[in-house]
Amino acid sequence: AHVAEGATQHIAQVVSEMMSYTRLRPPEFQMIEMDQIVDSALDLLENDFSKHEIQIQKGYSPNRMAAEADGSQMKQVFLNLFMNALDAMVSQDGKPKRLEIVIFPNVKELIVKIRDTGPGIPAHLIPKLFTDSITTKEKGSGIDLSIAHQILQAHQATIQAQSQVGVGTTFTIVLPI
């Protein structure tokens, strides 16, 4: 288990380095299929999810899920959210561990919902999630969501968190199409 923890921390390190680098440049917009970007981020963490018996559930719209975005920056955002969900659920015993990703177009927007069955985030921390470098974990391997927020702002996109302690957390990203 100790080796696995080190591997996850190594991924966290790589991701935060990549994010710092990615954040420094303006987005290079092109038409991307959001489900492919999400899947490529999930693939990187596939071993961690299966090792910790975290079930991945996808609800992808049959409609086209394309948006003008920077693929590598969006991948960073999803990696960031998936790793935090993974971290949140890893230590939970006896409770089903599930990560749900739903993607669907809505008029002029593309909606991506990422829901975990982790311990949830206390209500007083939610307003600070995207501005401060906060973590609710003792080991502090939670990746900084303020970077994800900055990337999304550069895409004219929004992110919101809803959480219920003991039930889980849902992040909703809304991208203009």
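The values are calculated or read from the model by the stated rules, or taken from the named source; none is laboratory data. Please read these numbers as outputs of a predicted model, since none were measured by experiment. Because the Cβ atoms are built from the backbone with ideal geometry, glycine has one as well, and the counts that use them run over all protein chains shown. Ligands, DNA and RNA are excluded from the accessible area calculation, which covers all protein heavy atoms including side chains. Shrake-Rupley method; radii C 1.70, N 1.55, O 1.52, S 1.80 Å.
M18 satisfies every condition listed in (1) open to solvent by 40 Å² or more (accessible area, probe 1.4 Å); (2) at pLDDT 90 or above; (3) under 18 Å from the mean Cα position of the chain (by Cα); (4) of a type in the set (A, V, I, L, M, F, W, C) except (2). Yes or no: segment 103-126 includes at least one residue that is within 17 Å of the chain's Cα centre (by Cα), part of a helix (DSSP H, G or I) and modelled with pLDDT under 95. Yes, some residue in segment 103-126 is within 17 Å of the chain's Cα centre (by Cα), part of a helix (DSSP H, G or I) and modelled with pLDDT under 95. Against the definition (under 19 Å from I173 (Cβ atoms) and at pLDDT below 95), how does V3 come out, yes or no? No: the conditions fail for V3.
Those residues that are over 21 Å from P176 (Cα atoms), among the hydrophobic types (A, V, I, L, M, F, W, C) and in a strand (DSSP E or B), I need them from segment 85-102; list them, please. Listed by number, the list holds a single entry, L99. Of everything in segment 154-177 that's open to solvent by 30 Å² or more (accessible area, probe 1.4 Å) and assigned to a loop (DSSP other than H, G, I, E, B), which residue is nearest to E109 (Cα to Cα)? Going through the qualifying residues, I end up with I177.
Suppose we filter segment 62-89 for residues that are in contact (Cβ under 8 Å) with a residue 40 or more places away in the chain and open to solvent by 20 Å² or more (accessible area, probe 1.4 Å); how many remain? Full working, then the answer.
Initial filter on segment 62-89 (in contact (Cβ under 8 Å) with a residue 40 or more places away in the chain): 63-74, 76-88.
Next cut, open to solvent by 20 Å² or more (accessible area, probe 1.4 Å) only: 63-64, 68, 72, 84, 87-88.
Counting residues in segment 62-89 that are in contact (Cβ under 8 Å) with a residue 40 or more places away in the chain and open to solvent by 20 Å² or more (accessible area, probe 1.4 Å) gives 7.
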